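Novice: Here it is, the structure in full.
The values are calculated or read from the model by the stated rules, or taken from the named source; none is laboratory data. In this text the structure is predicted, and so the values were computed from the model without any measurement. Counting neighbours? That spans all protein chains shown, and the Cβs are built from the backbone with ideal geometry, glycine included. Keep in mind that these areas ignore ligands, DNA and RNA; they rest on the heavy atoms of the full protein, side chains included. Shrake-Rupley method; radii C 1.70, N 1.55, O 1.52, S 1.80 Å.
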Amino acid sequence: MTTLKRRALLGASMATLAAPQIMAQSKPEKLVYVGDNGPWHWVMVEEVAPAFEKATGIKIDFTLLPVDPWRARLRAELGAGSAGIDVVQWSVGMAGWISPHMEDHEPLLAQMKSRHADFDWDDYLTGTKKAATYDGKLSGIPYRITTGIFHYQKALLEQAGFSQPPGTWDEFLKVALAVNKPPDRYAFGIFGRQGAGMFVGFNPWLYSNGGRLLDFKTGEIFINDAKGVEALQFYADLVTKYKVVPPEAMTWEFDEIVAGGQSDRYAMVQMFAPYGTLINDPKISKTGGKWAWTTVPGPHAKAEGRTWIDGHSLGVPKYTRNKEWSLEFIQMACSRQWQKRAMERGNAPPLRSVLEDPDMIEKIGWPPVAAQAIETGFPTPAYPVWDTLEIQLRSTLSQTLFGQKTAKQALDDLAGDWQRSLRRAGIGR
Amino acid sequence: MNALSGVGSRRSKLVFAGSVYLALIAMTAVFLFPLLWVIGLSLKTRLQVFATPPLFIWWPTLENYVGVLSQADFLQAFVNSLVVSSGAVILSICVGVPAAYAFARFPFRGGSFLFFSLLVMRMLPPIAVLVPMYILFSKLGITTTRFSVILAYSTFSLPLVVWIMRGFFEDLPRELEESAWVDGASRYAAFRHVVLPLIRPGLVAASILSLQLAWNDFLFSAVLTNNATRTLPVLMAGFSGGDTGVDWGGMTASGVLVILPVLIFSFAAQRHLVAGLSSGAVKG
Amino acid sequence: MGGTTTAVRQTGVRTMQGAASGTSGMRRWLDRQFSRIAVLPTTAMMVLIFGIPLLFSLYLSFEGWSPDQALFSGAFAGTANYEDLLTDPQFLKSLSVTFIYTATTVATELAGGLGIALLLNIDLPWIGLFRTALVVPMMITPIVAALCWKLLLDPDHGVVNYWIGSHIVWLGRPDTALISVMVVNLWQNAPYVAVLLLAGLRSLPSEPVEAASIDGASRLQVFWHITLPLLKPYILVALLLRTIFEFRAFDNIYVMTSGGPANATMTLSMFTYLASFVRFDLSLGAAASWLMLLMCLLLCLFFIAVIRRREAN
């Protein structure tokens, strides 16, 4: 980014913050931000925070943790009513337990609009507004929307004789077997580590096949029905039977799968849409410029492809002493200009105007695919009991991927585990 | 016991000595190599780190250390570790040494039961206590403070201190204190002026072991601190994934800086360590 | 030694003569209560900071699950949590993983430590150097040691794979992951056992060995029939200490595998950690902690009984 452009952004930010008399609260020395450490915070940390500090004199103290410790930290501090966090970054799956601790952001919207004219709540995708709301309460401003799409190296597919990316599972298997060139490059990368990435690696296959997780209200479990079993068996076969997955992918989580793409370990992958920016950037990736995107394939027809939606919101907790300043920072980070800049460095803003910006589409490539996927996607469950169910799912998936159980055995066992956990939580019978 | 004594020709003794040296060198190489390799990684640039085949000879660079030391959060974690460890050591020594003396010299009703339960507490898995301790501390409002960590560590080194010091006190001849008592001194005075000065090696041993326990702990600190108060092991654990997963140079440089203080301290007082370990261990 | 004693005694007495005056009634009572007063702070600390949480944990383990895990808000659930654990396949798997892990690491640490101790016990020139060097791994912070081995075992850039000429993904396969995790603790703690056993070896009486060698016994026979039996108390202490520590090992697993792959390294401590701090199911975590505690207690009592019996013999 040229110095000129950056200066312009800085100037714009300072202009928007040039109404200090509105700030009724005394100025703190710093604001504490707690979030995860995914590979997309660079703009916030390296550009927005310094700009904010320049405009207000307040430093942003970033605590960026891996997924599990991040959840635990928020749960611990917010649960104790601690004033130690000023800006909370939370994801869709946390909505259930975090929303009681957050301010109601609905009235804050009006405040934001009155102070910064270019804040347009209508520009936000409907899906993300819903995701940031739990039990009728808006608990944050959506900052990042993620969905799983299909990334592939166009040239490699063409060399193998495929001018179009696979639309059905059969086609996908054919392509995978054709482009699989072990040990230098495999066909398909996955989130193989028994951790927070397992679920998003698997669920497009589940959802596309018409499978479902469960009904959180009645406690009825669907994951081990015929469709779920079929989906899991197909997914696991990629690793155990067809061996189109790199062996070290079994240790991969978020950073490693991106690094794998950057070092050309696989030709295709299903993962977060915005990661496409990271693997396609020639400055940091060996495969820069070679990627193309499409929605995930469906079992029998492309239109059947379904994927997951997740996202992060920035919110002001009830207990902080610096509510106004936190809101100012959130406003700055979520502003259209900064979100455009963030998108260039790996973020996926939930703003229609940014995602559909022709410049962005030209430069980055995946936004239209993401927008399409979001139309029909399934959001991550936000019920508190999901934490436990997900841990049990991770265990099941890992065992199946190593061929220790067939998909049917594994999912039937999982259904039993889930039944026990639901009973513990008092859901269903 | 000297395996070299006894019957055998001069030559067989030389052969034996030679093979022992060989074995020792091999073992030392195996045990020290991982550490040396990691130190090496900390002195390489990013390109050198990922060179294939791995480089065994290269120009060392200090850029990783400079990078780590110029980061505020490393220095802060270092200070936190220092505060927490010394606090825990001082607390457990001040509280545990008098108790050890009492156990050694003045058996009282319920004393052996108390000592035994202290030992048992030492054997319990810390994670069993961590959850409720965390809840207790959050009710008291001291989670995320260094004080909570000092308290937690003290309860783990306390049984250790008592165990070791009791052994040292039992070794001390009673005549010294007895003559002091005969001269009319109270037990407290006798303890302070006669016994304590003689027990210094034991104190050193107990301190080193408590220090190691406090400095090296990860689990309790991870749960009971936040960013501002976290200790070095928690900072290090942040390297096991995420952005910095690829920064091997920074990771290893931090690691070396973390283990350096305890290494230096332990080497300086090594004799006492062995004495402490064996005394407490066997006589218990 | 005699000179020092008298000197100490004289200074000691002089200082104390000052302290000996004062209200004698109160003083004498305090003096008699010395043991109890000396032991009071220790007892208080352990009870308040250790004992009370422990009891609270017991209470928690009988409480039901509640969405925000506020204290005392869950309904009393009797033994439901324990039943849930004992019927949870992941928990049962963690029992077997812990058992295998503990038995293997302790056995190898003892064997390795004994070997090292025997070598270090030989009075050769420069043996002190080796003694110092081999103690180093013991002092390294466990988290750092785990990271160190994680780098060594990296499939593409690690030195281990370079030397054995392969591309094994050590931490990505259920069979090799457990071994990798064990190697870290073995590396760190065989020296610990060696230090303990070396102290034992050096404190053994030399007469039996000399007598045996004069009688013509070979080095091996001397070791097997004389040294080893004399060393038994030290070996048993090492066994006890190492079992306790390996039973609850956490740092290496947390850093390297987080319990995976496919639960291959899901030990009890990892399971309890996940239950309490990731699933935030505190009552289940409490129940798991208490089961862990009971098992550890039984193990320790068993070992102590064995040691006592040996000493009696």
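Novice: I'd like the interface area for chains A and B: accessible area of each alone minus the complex, both sides summed, 1.4 Å probe, protein heavy atoms only. What is it in Å² to the nearest 100?
Specialist: About 800 Å² of accessible surface is lost on pairing.
Novice: While we're here: Of A:241/A:302; A:283/A:323; A:59/A:340; A:154/A:340; A:154/A:217; A:243/C:150, which pairs sit farther than 32 Å apart, going by alpha carbon to alpha carbon?
Specialist: Exceeds cut-off: A:283/A:323; A:154/A:217.
Novice: Taking only complete DSSP H runs, can you tell me which helices of chain B stretch 15 Å or more along their own long axis by Cα positions and average at least 0.0 on the Kyte-Doolittle scale?
Specialist: Both cut-offs are met by B:10-42, B:72-105, B:111-123, B:126-140, B:146-171, B:200-216, B:248-268, B:270-283.
Novice: Same structure again: Send over the Kirkwood Rh of the stretch C:257-313, from the inverse of the averaged 1/r over different Cα pairs, rounded to one decimal Å.
Specialist: Evaluated over the stretch C:257-313, this radius sits at 13.0 Å.
Novice: Another question, if that's okay. By how many degrees, 0 to 90 and rounded to 10, does the Cα axis of helix A:386-401 deviate from the longest principal axis of chain A?
Specialist: 30
Novice: What does the convex hull of the Cα atoms of chain A come to per residue, in Å³, rounded to a whole number?
Specialist: 131
Novice: To the nearest 100 Å², how much accessible surface do chains C and B hide from each other in total, with a 1.4 Å probe?
Specialist: So the buried area, both faces added, is about 9900 Å².
Novice: Specify which residue in the list A:198, A:172, A:188 is farthest towards the positive end of the charge dipole of the stretch A:167-218, using unit charges on the beta carbon of Lys, Arg (+1) and Asp, Glu (-1), about the Cα centre.
Specialist: Of the listed residues, the answer is A:198.
Novice: If you project the alpha carbons of the stretch C:121-236 onto the principal axes, what extent comes out on each, in Å, largest first?
Specialist: That gives 57, 28, 25 Å along the principal axes, largest extent first.
Novice: Moving on to the next point. Take every DSSP beta bridge whose two residues both sit in the protein assembly as shown, then give the antiparallel share in percent to the nearest 5.
Specialist: 60
Novice: If each DSSP helix of 4+ residues adds -39,500 (n - 2.57) and the sum is divided by the residues in the protein assembly as shown, what number results at 222 nm, nearest 500 deg cm²/dmol?
Specialist: Theoretical 222 nm ellipticity from helices: -19000 deg cm²/dmol.
Novice: Any idea what Rg and Dmax come out to for the stretch A:159-252 if you just take the C-alpha atoms, in Å?
Specialist: Values for the stretch A:159-252 (Cα only, Rg and Dmax): 14.9, 50 Å.
Novice: Right, something else. Taking only complete DSSP H runs, can you tell me which helices of chain C stretch 24 Å or more along their own long axis by Cα positions and average at least 0.0 on the Kyte-Doolittle scale?
Specialist: Membrane-span-like by this criterion, though nothing is claimed about a membrane: C:89-120, C:174-203, C:228-247, C:282-312.
Novice: Additional query: Percentage of Cα-Cα pair distances in the stretch A:368-412 greater than 13 Å, rounded to whole percent?
Specialist: Cα-Cα pairs in the stretch A:368-412 separated by more than 13 Å: 66 percent.
Novice: For the charge dipole of the stretch A:57-187, defined by +1 on Lys and Arg C-beta atoms and -1 on Asp and Glu C-beta atoms about the Cα centroid, which residue among A:119, A:155, A:138 has the Cα displaced farthest towards the positive pole?
Specialist: The one lying farthest along the dipole's positive direction is A:155.
Novice: How much net charge surrounds residue A:32 when only other residues with a Cβ under 12 Å from its Cβ are counted (Lys, Arg +1; Asp, Glu -1)?
Specialist: Taking every Cβ under 12 Å from that of residue A:32, the sum is 0.
Novice: Also: Calculate what fraction, in whole %, of the accessible area of the stretch A:285-402 sits on carbon and sulfur atoms when a 1.4 Å probe is rolled over the protein chains.
Specialist: Answer for the stretch A:285-402 is 50 percent, counting heavy atoms of protein chains only.
Novice: Another question about this same structure. In chain B, what percent of the accessible surface is made up of carbon and sulfur (1.4 Å probe, ligands and nucleic acids excluded)?
Specialist: That share works out to 69 percent.
Novice: Still on this structure, I have one more. Got a sec? Charge dipole of the stretch B:1-143, +1 on Cβ for Lys and Arg, -1 for Asp and Glu; which of B:72, B:124, B:25 is way out at the positive end?
Specialist: Of the listed residues, the answer is B:25.
Novice: Solvent-accessible area per residue for the protein assembly as shown at a 1.4 Å probe radius, Å²?
Specialist: Using a 1.4 Å probe on heavy atoms only, each residue of the protein assembly as shown averages 40 Å².
Novice: Additional query: So if I place +1 on the C-beta of Lys and Arg and -1 on the C-beta of Asp and Glu, and nothing else carries charge, what would the dipole magnitude of the stretch A:135-196 be about its Cα centre? I want it in debye, nearest 20.
Specialist: 220
Novice: In addition: Using a Debye calculation, one point per C-alpha and no hydration shell, please list log10 I(q)/I(0) for the stretch C:36-173 at q = 0.21 Å⁻¹ in order.
Specialist: Here log10 of I(q) over I(0) equals -1.23.
Novice: Give me the one-decimal nm value for the distance between modelled label points at residue B:178 and residue C:228, 7 Å along each residue's Cα-to-Cβ direction.
Specialist: 4.4
Novice: A follow-up question, please. Using all C-alpha to C-alpha distances in the stretch A:227-364, build P(r) with 5 Å bins and read off the rounded percent in each one.
Specialist: In order of increasing distance, the bins hold 2, 8, 14, 16, 17, 15, 11, 9, 5, 3, 1, 0 percent.
Novice: Going from the alpha-carbon gyration tensor of the stretch B:48-160, what semi-axes, largest first and in whole Å, does one get by taking the root of 5 times each eigenvalue?
Specialist: Equivalent-ellipsoid dimensions as semi-axes: 41, 19, 15 Å.
Novice: Then there's this: With axes computed from alpha carbons, what is the tilt in degrees of helix A:169-179 against the longest principal axis of chain A, rounded to the nearest 10 within 0 to 90?
Specialist: For helix A:169-179, the angle is close to 90 degrees.
Novice: Under 12 Å from the Cβ of residue B:73, count the other residues' Cβ atoms, weight Lys and Arg +1, Asp and Glu -1, and hand me the total.
Specialist: Charge balance near residue B:73 sits at 0.
Novice: Let me ask something else. Would you jot down the residues in the stretch A:159-198 that end up with at least 20 Å² less accessible area in the complete protein assembly than in the chain alone, with a 1.4 Å probe?
Specialist: So the qualifying set is A:193, A:194.
Novice: Just the number, please: buried accessible area between C and A, total of both chains, 1.4 angstrom probe, nearest 100 square angstrom.
Specialist: 2500
Novice: If I model the stretch A:24-133 as equal point scatterers sitting on the Cα atoms and use the Debye formula, what is log10 I(q)/I(0) at q = 0.10 Å⁻¹?
Specialist: Taken in order of the listed q values, log10 I(q)/I(0) reads -0.34.
Novice: Carbon and sulfur together cover what percent of the accessible area of the stretch C:183-313 at a 1.4 Å probe radius?
Specialist: 65
Novice: How large is the translational diffusion coefficient of the stretch B:170-260 in µm² per second when you combine the Kirkwood radius over alpha carbon pairs with Stokes-Einstein at 10 °C and 1.306 mPa s?
Specialist: So the translational diffusion coefficient is about 94 µm²/s.
Novice: For the protein assembly as shown, what is the charge dipole size about the Cα centre, in debye to the nearest 20, if Lys and Arg each add +1 at the Cβ and Asp and Glu each add -1 at the Cβ?
Specialist: 2380
Novice: Further question on the same structure: With 10 Å bins from zero, work out the P(r) of chain B over every alpha carbon pair and list the percent per bin.
Specialist: So the P(r) values, bin by bin, are 6, 21, 24, 22, 17, 8, 2, 0.
Novice: Based on the alpha carbon coordinates of the protein assembly as shown, what radius of gyration and maximum Cα-Cα distance (Dmax) apply, in Å?
Specialist: In Å, with Rg to one decimal and Dmax whole: 31.5, 103.
Novice: Given the Cα atoms of chain C, and with Rh set as the inverse mean 1/r over their pairs in the Kirkwood sense, what is Rg to Rh to two decimals?
Specialist: 1.08
Novice: Which value does Rg/Rh take for the stretch A:100-194 over its C-alpha atoms, Rh per Kirkwood?
Specialist: Across the stretch A:100-194, the Cα-based Rg/Rh ratio is 1.25.
Novice: In the stretch C:180-279, if every C-alpha pair distance is counted and binned at 10 Å from zero, what percent goes to each bin?
Specialist: 13, 31, 22, 16, 11, 5, 1
Novice: Suppose every K and R has +1 on its Cβ and every D and E has -1 on its Cβ; what is the size of the dipole of chain C about the Cα centre, in Debye to the nearest 20?
Specialist: 1280
Novice: Run a plain Debye calculation on the stretch A:278-324 (Cα atoms as equal point scatterers, no solvent) and give log10 I(q)/I(0) at q = 0.15, 0.21, 0.29 Å⁻¹, rounded to two decimals, same order as the q list.
Specialist: Relative scattering, expressed as log10 I(q)/I(0), comes to -0.73, -0.84, -0.97.
Novice: Ranked highest first by average number of other Cβ atoms within 10 Å, how do B:183-196, C:155-168 line up?
Specialist: Answer by packing, highest mean first, reads B:183-196, C:155-168.
Novice: Once the Cα atoms of helix A:407-424 and of chain A are each reduced to a long axis, what angle between those two axes, in degrees from 0 to 90 to the nearest 10, is obtained?
Specialist: 40
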